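S.K.: Please see the structure below; I have some questions.
The values are calculated or read from the model by the stated rules, or taken from the named source; none is laboratory data. No experiment lies behind these values; they were computed from the predicted model shown. Quick reminder, even Gly has a Cβ in these numbers, built from the backbone with ideal geometry, and neighbours come from all protein chains shown. The accessibility values were calculated without ligands, DNA or RNA, using every heavy atom of the protein model including side chains. Shrake-Rupley method; radii C 1.70, N 1.55, O 1.52, S 1.80 Å.
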Amino acid sequence: MESIKSDVFRHFEQSEADLAFLAYSEPMPYEWIPLSESSVIAAVPEGHRLADAKRFPIKECENEDLILGSWGREMEILEILDKNDVPPEIKYTTYDTPASLAMVRMGLGVSLVNELSAQFWNDNLIKMPLDPPQTITLGVAIPSREHMTGAAKKFLSYTMTYFGK
């Protein structure tokens, strides 16, 4: 199931999920296992005034209509903007990265997304690294190893092996 972080945590609280793959952000009230880092990139529409730039200055988010996923609660992106003293001009919010990138392609604004989520979305938009470069940590959140199902424990074991953890 795909969901936003608040919904994932609700599923944990209702014992409906044993683990979740997430981008790390505070607060993280569950056991956290980091798996990898992913660069955060800017996605801009073709023809955007910075489309030919090698990097997207993060300060430009102040001058852009920003499209933010997770219904505007994409905490890892908001934390990056905050740490760079960039008050975002959030124009639109969407549920997920594909919806955000579709809106970028339509020329409705720009979006900051993790590179892994955006890797297969290449038509009619330009993806570029941020200046300064930014990353997020992707990993697994677990409410309780003790109460995980056998299948979830095995899946977690395979995941850890795959990522060399």
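S.K.: What is the chain's relative contact order, in percent, from Cα pairs under 8 angstrom and six or more apart in sequence?
M.R.: Relative contact order for the chain comes out at 39 percent.
S.K.: I'd like the FRET efficiency for Ala152 and Arg49, computed as 1/(1 + (r/R0)^6) with the beta carbon distance as r and R0 of 41 Å, rounded to 0.05.
M.R.: Rounded to the nearest 0.05, the efficiency is 0.30.
S.K.: Could you please state how large a percent of the accessible area of the chain is carbon and sulfur, counting protein chains only and using a 1.4 Å probe?
M.R.: 51 percent
S.K.: When Rg/Rh (Cα atoms, Kirkwood Rh) is calculated directly from the model, which label among (1) 1.69; (2) 1.07; (3) 1.01 fits?
M.R.: Among (1) 1.69; (2) 1.07; (3) 1.01, the one derived from this structure is (3).
S.K.: Enter the accessible area of Arg73 (Å², nearest 10), with the probe set to 1.4 Å and all protein chains included.
M.R.: 120 Å²
S.K.: Another question, if that's okay. Could you work out, for the stretch 94-145, what percent of all Cα-Cα pairs fall into each 10 Å distance bin, beginning at 0 Å and stopping at the bin that holds the largest distance?
M.R.: 20, 47, 22, 9, 1
S.K.: Okay, moving on. Keeping every protein chain present and rolling a 1.4 Å probe, give me the accessible area per residue for the stretch 39-165 in Å².
M.R.: Spelled out: the 1.4 Å probe surface of the stretch 39-165, per residue, equals 54 Å².
S.K.: So, one more: Students often get this wrong, so check it: of Lys59/Lys83; Lys5/Lys165; Lys59/Lys127, which have C-alpha atoms separated by over 19 Å?
M.R.: Lys5/Lys165, as the Cα separations exceed 19 Å there.
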